[in-house]
Amino acid sequence: MGVHTYTLADITSPVAPKRMFHALQIDNHNFFAKNLPQFFRSIEFVQGDSTTVGCIKQFNFPDGSPIKYMKNRMDKIDFEKHCVKYTTIEGGLGDTFECIVYENKFETSGTGCRFTIIAHYHTKGDAGVEEQDIAYTKEAIKDKVKAVEEYLLANPQVYA
């Protein structure tokens, strides 16, 4: 087993860290399915709730998506520093990955925030990570973050 680490996102946004943190991490089970149906069909809790370390959420993707679903386990939540660590434990891992561990943080940058995602791909055997998969993931993250940002800017009362 190998571990391959990549920075998947380093995005600056005019939206405050607290608002982006809540939309993208804490309340994503409500926010994504309601406001981003092009990216998520539904999100459901398998275990726990969104403010509990150890909770598991299943993200269900729309028809035509490259993967059907993904289960993420929350490993760490820091509400003051606006950061989380979670692990994809099922779905979207294929024959290549044991799991993928993500570290997401939202830091103040000017009047907005800087959003960073670092991913640690734990591969099976001596498998590697395909560069086109990383490029696809980076682009998908940018698209989702842009959609969240646009919604929050148009609705300043949400997560204020």
What is the Cα centroid distance between region 90-144 and region 6-34, reported in whole angstrom?
-> 14 Å
Taking Asp27, Asp63, Asp78 and counting other beta carbon atoms within 10 angstrom, the fewest-first order is Asp63, Asp78, Asp27
So, with +1 on the Cβ of K and R and -1 on the Cβ of D and E, and no other charges, what is the size of the charge dipole of the chain about its Cα centre, to the nearest 20 debye?
-> 440 debye
In region 102-160, the GluC sites (Glu not before Pro) that fall in loop regions by DSSP, at most 14 other Cβ within 10 Å | Glu130
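How about region 23-118: which trypsin sites (Lys or Arg not before Pro) there are in a DSSP loop, with at most 16 other Cβ atoms within 10 Å of their Cβ?
Working: sites: Lys34, Arg41, Lys57, Lys68, Lys71, Arg73, Lys76, Lys81, Lys85, Lys105, Arg114; in loops: Arg41, Lys68, Lys81.
Those satisfying the criteria are Arg41, Lys68, Lys81.
Averaged over all directions, how much area does the convex hull of the C-alpha atoms of region 1-55 cover when projected, in nm²? If you can, show how the numbers build up before the last one.
Working: hull surface 23.6 nm².
Mean orientational projected area (region 1-55, Cα hull): 5.9 nm².
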Region 80-160 - Rg and Dmax from Cα coordinates, angstrom = 15.5, 49
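So what is the calculated 222 nm ellipticity per residue for the chain, using -39500 (n - 2.57) for each DSSP H run with n of 4 or more, over all residues, to the nearest 500 deg cm²/dmol? Provide the component values of the computation, followed by the final result.
Details: 3 runs with 37 residues, N = 160.
It lands at -7000 deg cm²/dmol.
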Whole-Hz Karplus couplings 3J(HN,Hα) for region 145-150, θ = phi - 60° and coefficients 6.51, -1.76, 1.60, Gly and Pro as x, run 5, 4, 5, 5, 4, 4
Where labels lie 7 Å past Cα in the beta-carbon direction, separation of Lys68 and Asp126 in nm = 3.3 nm
Non-local amide H neighbours of Cys113 (under 5 Å, H modeled in plane, Pro and chain starts lacking H): which ones?
-> Ser13, Val15
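Just subtract the alpha-carbon distance of Lys146 and Glu44 from 0.36 nm times their residue separation and send over the number in nm, one decimal.
Working: separation 102, 0.36 × 102 = 36.72 nm, distance 2.31 nm.
Extra length from Lys146 to Glu44 when fully extended: 34.4 nm.
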Would you please state the base-10 log of I(q)/I(0) at q = 0.17 1/Å for the chain, with intensities from the Debye formula using one equal scatterer on every alpha carbon?
-> -1.07
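Each value in this text was obtained by applying a stated rule to the coordinates, not by laboratory testing. Quick caveat, the model's predicted, so the values are computed rather than measured. Positions of Cβ are generated from backbone atoms using ideal geometry, with glycine treated the same way; all protein chains shown enter the neighbour counts.
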